[in-house]
Amino acid sequence: IDGLILTHFDNDHAGGAACLLSRIPADMIFVPDYDDESGVRALLEEAYADRLYPVNEDVLLTYGETEISLFSPVVPDSGNESSLAVLFECKNCDILITGDATKQAERRMMERVDLPYVDVLIAGHHGDENSTSWELLQEVSPNTVLISVGQDNRFGHPEAELLDRLNRFGCEVYRTDQCGTITYKGE
């Protein structure tokens, strides 16, 4: 693959990266630029130093007519606030991923980045009520929201407050705990 983007180093986002990369090589590996307690970054630095790109400022990648913007963490070294956000823009489809960023991180990102309307928003932090704020929904006006969440997870994600917010905003919502793997092909 051309590139692998890890939004942050929590095990549920990056724990399988080394195994994946041992089976499917990636030309570039983008990670937030902070030291993590899990050891994932150290493992990647040891095995893939020549392909590892720590992101400490916004990055724009262009592939033909497709652009991928990586927005650096707004508060490095602070857990979920350290998530990279990823904006995928192509001719027929725009997708925003915010990792596990909270409402505060979303707000800080919107203060410094002019986000477009998107077709798809990946709900922040697996549907936690403290992510995917009303302000973010207004800013990017998604038609569809995807929630990556395990069935019967111990956190109770997605939380009712978020689902209500998405319903009031009028988004189509698809969840991996109900739909399994979700493939979005654009319009």
| Mind checking which of Glu46, Glu67, Glu106 has the largest fluctuation in a GNM of the chain, springs on alpha carbons under 10 Å? | Glu46
| What percentage of the solvent-accessible surface of the range 1-91, computed with a 1.4 Å probe over protein heavy atoms, is contributed by carbon and sulfur atoms? | 49
| Taking a probe of 1.4 angstrom, what is the accessible area of Thr62 in Å², to the nearest 10? | 80
| DSSP bridge orientation in the range 42-125 - percent antiparallel, rounded to nearest 5 | 85
| query | Cα gyration tensor of the range 1-97, axes a ≥ b ≥ c as square roots of the eigenvalues: rounded (a/c below 1.5), prolate (a/b > b/c) or oblate? | reply | oblate
| query | Could you give the distance between the Cα centres of the range 1-34 and the range 113-187, to the whole Å? | reply | 22
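With a 1.4 Å probe and all protein chains left in place, how much of the accessible area of the range 106-187 comes from carbon and sulfur atoms, in whole percent? Present the calculation step by step, with values, prior to reporting the outcome.
Values: 1890 of 4600 Å².
With neighbouring chains kept in place, the figure for the range 106-187 is 41 percent.
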| message | Just to make sure I understand: if all protein chains stay in place, what is the order of Asp152, Asp10, Asp100 by accessible area at 1.4 Å, largest first? | response | Asp152, Asp10, Asp100
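What full-extension length gain, to one decimal in nm, is calculated for Tyr117 and Glu172 as 0.36 nm per residue of separation minus the Cα-Cα distance?
Details: separation 55, 0.36 × 55 = 19.80 nm, distance 1.51 nm.
Extra length from Tyr117 to Glu172 when fully extended: 18.3 nm.
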| query | What length, rounded to one decimal in nm, is gained on full extension from Ala42 through to Leu60, with 0.36 nm per residue of separation minus their alpha-carbon distance? | reply | 4.0 nm
| On average, how much accessible surface per residue is there in the chain, in Å², for a 1.4 Å probe, leaving out ligands, DNA and RNA? | 53
| request: Counting other Cβ atoms within 10 Å, keep those with at most 11, restrict to DSSP loop, and tell me which trypsin sites (Lys or Arg not before Pro) in the range 95-187 are left. | output: Arg154, Lys185
| said: Under 5 Å between amide hydrogens, which residues at least 5 positions from Asp58 or on another chain qualify, with H placed 1.01 Å from N in the peptide plane? | reply: Ser72
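Could you order Val173, Val149 by accessible surface area, starting with the largest, using a probe radius of 1.4 Å? List each step's numbers first, then the result.
Working: Val173 55, Val149 15 Å².
Putting Val173, Val149 in descending order of accessible area: Val173, Val149.
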| remark: When the chain is treated as a Gaussian network with springs between alpha carbons less than 10 Å apart, the largest mean-square fluctuation among Pro158, Pro73, Pro25 is found at Pro25
| request: Go ahead and set up a Gaussian network model of the chain, Cα springs under 10 Å, then flag whichever of Phe88, Phe30, Phe155 fluctuates most. | output: Phe155
| By how many nm would the segment from Asn92 to Ala49 lengthen if fully extended, with 0.36 nm per residue of separation less the alpha-carbon distance? | 12.0 nm
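The values are calculated or read from the model by the stated rules, or taken from the named source; none is laboratory data. Because the structure is a prediction, the values reported are computed rather than measured. Every residue, glycine among them, receives a Cβ derived from its backbone with ideal geometry; neighbour counts consider all protein chains shown. With ligands, DNA and RNA removed, areas are computed over all heavy atoms of the protein, side chains included. Shrake-Rupley method; radii C 1.70, N 1.55, O 1.52, S 1.80 Å.
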